[in-house]
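Visitor: Right, I'll just put the structure down here and ask away after.
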Protein chains: 2
Amino acid sequence: MPEGRRRVLITGAAGRIGQDLTGFLKDRYDLRLHFNRTVPEDPAVDDYLIADIADFDQIRPAMDGIDSVVHLAGEPAVTTPWDRVNRANIEGLYNVYESARQAGVKRVVFASTNHVMGMNDRDENWPVYSSQPVRPDSLYGVSKAFGETLGRHYYDRYGMSFINLRIGAYGPEPRDEIARYMWLSPRDFGQLVWRCLESDVGYATYYAISGNTSRTWDISDAVVDLGYGPVDNADEHLPPRYRKIDAAGES
Amino acid sequence: MPEGRRRVLITGAAGRIGQDLTGFLKDRYDLRLHFNRTVPEDPAVDDYLIADIADFDQIRPAMDGIDSVVHLAGEPAVTTPWDRVNRANIEGLYNVYESARQAGVKRVVFASTNHVMGMNDRDENWPVYSSQPVRPDSLYGVSKAFGETLGRHYYDRYGMSFINLRIGAYGPEPRDEIARYMWLSPRDFGQLVWRCLESDVGYATYYAISGNTSRTWDISDAVVDLGYGPVDNADEHLPPRYRKIDAAGES
């Protein structure tokens with residue numbers, strides 16, 4: 001293994017975000033990819049495996065020799081019923097964290113979600129800061145809050161680094177008015193994950209959104225702690241929301 | 001059912017806290033008692049049942065006709081391994097909350113624990129307020145944090161009331177120096193649960209400790225919100241910790 005090329009495992013690499021992230025990170029790290037069920041046609045790297053994360057013995061070998069894990073695997077939909085969020089996002093996440101610990105992994109970057117705080121959005125209780133108490137809008141959101149809490153415990157107890165990224169509305173284009181608040185472009189997410197992997201942060205939770213002018217979730221902690229510099233902005237893709245004001249204050 | 005006598009279910013009523021609480025509440029409410037495995041000899045009330053809370057169909061009938069639930073059932077020890085905290089304190093707690101919702105229960109008072117924040121105590125990072133982000137010291141603490149979060153979601157989503165009580169060191173006598181920080185006497189806990197059941201609080205988390213002079217966890221929110229007036233004080237049972245100072249400031 002060459003010096004200075006760290007080995008990074010991406011779990012759930014067959015998903016939309018996983019595929020984009022693989023493309024962004026594969027020249028920066030020696031990647032290993034985890035797939036839940038099937039190997040996609042022509043995987044981007046040679047080092048990959050299939051495992052059911054709800055089965056500890058299946059996922060444990062994925063961690064051998066790994067420096068950092070980007071944990072994307074899990075049920076991704078806000079409407080997922082309890083049995084499935086419990087199996088993948090609670091039991092499966094525990095297996096990923098515990099097997100990573102046993103294998104000596106130093107850091108986990110966790111794909112959390114804005115839905116951990118979604119009730120603030122329903123109430124338009126803005127701005128939202130990652131330091132506020134959680135208010136999940138769904139059992140899916142509750143399960144992701146569990147992941148953030150388990151990471152906090154593993155950080156405090158074992159000294160592993162955990163960075164939770166509360167992902168907004170991910171996609172190549174901002175689709176609607178809601179994107180002003182929460183759009184996350186693939187390249188901004190790639191940058192953010194890369195900055196997490198390179199940082200010296202021990203434990204933190206950040207909102208993962210682009211530099212949308214109208215955002216209602218705080219990203220200044222990611223800017224300051226990680227040097228995150230988003231290059232995309234949903235407001236630039238959408239009709240003007242505010243009149244432009246000149247220097248004299250006249251429209 | 002007589003007007004004005006509300007029906008309260010105590011889960012895990014065979015435990016030490018459950019037995020004390022049954023004695024404290026049985027003249028105030030029409031109690032139903034839930035036991036995990038066996039019915040204790042001579043149960044204090046006639047309305048009781050046995051159910052495994054990890055089995056939804058077993059616990060669901062316990063909720064019929066119930067106004068409020070005091071949820072004590074679950075693994076009580078800080079050293080409990082994952083499989084058991086997951087089964088009782090995550091899956092079992094979900095079943096209790098979801099079956100209560102389906103039956104129209106209005107309120108749950110939840111036996112949470114100081115171990116949700118125990119890493120602050122290990123670091124002597126005091127005082128601790130219930131509004132701070134969680135720092136569990138154990139998988140047990142993580143599982144209780146899950147319970148607090150699920151309650152938050154059910155409150156926001158369904159309008160049910162959830163009050164989380166982070167129980168300290170429960171017992172008839174303060175046993176050691178640590179009791180100065182966290183002793184909770186049975187009669188103070190009885191009073192606190194009773195005040196929760198009578199309150200108009202929607203969602204809150206409180207420390208459940210006696211009025212110990214040297215406490216490092218805040219209880220002023222319980223004093224203000226609920227009218228909690230603890231009558232016990234560990235410092236009065238232990239050797240003096242501070243010299244007495246007279247009004248002139250001389251010892």
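The values are calculated or read from the model by the stated rules, or taken from the named source; none is laboratory data. Computed from a predicted model, the values in this text were never measured in an experiment. Reconstructed Cβ throughout: ideal geometry from the backbone, glycine too, with neighbour counts over all protein chains shown. Accessible surface is based on the protein model in full, side chains and every heavy atom, while ligands, DNA and RNA are left aside. Shrake-Rupley method; radii C 1.70, N 1.55, O 1.52, S 1.80 Å.
Visitor: Could you tell me which residue of the stretch A:178-199 is nearest to A:ASP156 (Cα to Cα), considering only residues that are in contact with a helix residue (DSSP H, G or I) (Cβ under 9 Å, 6 or more places away or on another chain) and of a type in the set (D, E, K, R)?
Guide: A:GLU198
Visitor: Look through the stretch B:99-117, keep the residues that are more than 25 Å from B:TRP217 (Cβ to Cβ) and open to solvent by 20 Å² or more (accessible area, probe 1.4 Å), and return whichever of them is nearest to the chain's Cα centre (by Cα).
Guide: We begin by selecting, within the stretch B:99-117, every residue more than 25 Å from B:TRP217 (Cβ to Cβ); these are B:99-106.
Restricting the remaining residues to those that are open to solvent by 20 Å² or more (accessible area, probe 1.4 Å) gives B:101-104, B:106.
On the way: B:ARG101: 19, B:GLN102: 23, B:ALA103: 22, B:GLY104: 21, B:LYS106: 17 Å.
Applying the filter and picking the extreme gives B:LYS106.
Visitor: Does the stretch A:12-23 include one or more residues that are open to solvent by 80 Å² or more (accessible area, probe 1.4 Å) and without any contact (Cβ under 8 Å) to a residue 12 or more places away in the chain? Quick ask: steps written out before the conclusion?
Guide: So the first thing to find is which residues in the stretch A:12-23 are open to solvent by 80 Å² or more (accessible area, probe 1.4 Å), and the list is A:16, A:19.
Pick out the ones that are also without any contact (Cβ under 8 Å) to a residue 12 or more places away in the chain and you get none.
No: the stretch A:12-23 contains no residue that is open to solvent by 80 Å² or more (accessible area, probe 1.4 Å) and without any contact (Cβ under 8 Å) to a residue 12 or more places away in the chain.
Residues checked against (1) within 30 Å of B:ASP121 (Cβ to Cβ); (2) touching a Gly at 6+ places or on another chain (Cβ under 7 Å); (3) part of a loop (DSSP other than H, G, I, E, B):
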| position | (1), (2), (3) |
| --- | --- |
| A:MET117 | yes, no, no |
| A:GLU124 | no, no, yes |
| A:SER130 | yes, no, yes |
| A:TYR140 | no, no, no |
| A:PHE146 | yes, no, no |
| A:TYR154 | yes, no, no |
| A:PHE162 | yes, yes, no |
| A:GLU177 | no, no, yes |
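Visitor: Also: Yes or no: the stretch A:118-134 includes at least one residue that is more than 9 Å from chain B (Cβ to nearest Cβ), in contact with a Ser or Thr (Cβ under 6 Å, 6 or more places away or on another chain) and buried (at least 24 other Cβ atoms within 10 Å of the Cβ).
Guide: no
Visitor: Any residue at all in the stretch B:36-48 that's crowded, with 22+ Cβ neighbours inside 10 Å and touching a Lys or Arg at 6+ places or on another chain (Cβ under 9 Å)?
Guide: No.
Visitor: Are any of the residues in the stretch B:95-112 among the polar types (S, T, N, Q), within 25 Å of B:PHE189 (Cα to Cα), away from chain A (no Cβ under 14 Å) and touching a residue at least 12 places away in the same chain (Cβ under 8 Å)?
Guide: Among the residues of the stretch B:95-112, not one is among the polar types (S, T, N, Q), within 25 Å of B:PHE189 (Cα to Cα), away from chain A (no Cβ under 14 Å) and touching a residue at least 12 places away in the same chain (Cβ under 8 Å), which makes the answer no.
Visitor: For A:ARG87, only one of the following conditions fails: (1) within 11 Å of another protein chain (Cβ to nearest Cβ); (2) within 25 Å of A:GLN19 (Cα to Cα); (3) surrounded by 22 or more Cβ atoms within 10 Å (Cβ to Cβ); (4) not aliphatic (A, V, I, L, M). What is its number?
Guide: Against the list (1) within 11 Å of another protein chain (Cβ to nearest Cβ); (2) within 25 Å of A:GLN19 (Cα to Cα); (3) surrounded by 22 or more Cβ atoms within 10 Å (Cβ to Cβ); (4) not aliphatic (A, V, I, L, M), A:ARG87 comes up short only on (3).
Visitor: Of all residues in the stretch B:183-234, which are surrounded by fewer than 20 Cβ atoms within 10 Å (Cβ to Cβ), among the acidic types (Asp, Glu) and either in a helix (DSSP H, G or I) or without any contact (Cβ under 8 Å) to a residue 40 or more places away in the chain (or both)?
Guide: B:GLU198, B:ASP200, B:ASP221, B:ASP225
Visitor: Taking B:ARG166 and the conditions (1) open to solvent by less than 20 Å² (accessible area, probe 1.4 Å); (2) in a helix (DSSP H, G or I), which numbered condition does it fall short on, given that it satisfies the others?
Guide: (2)
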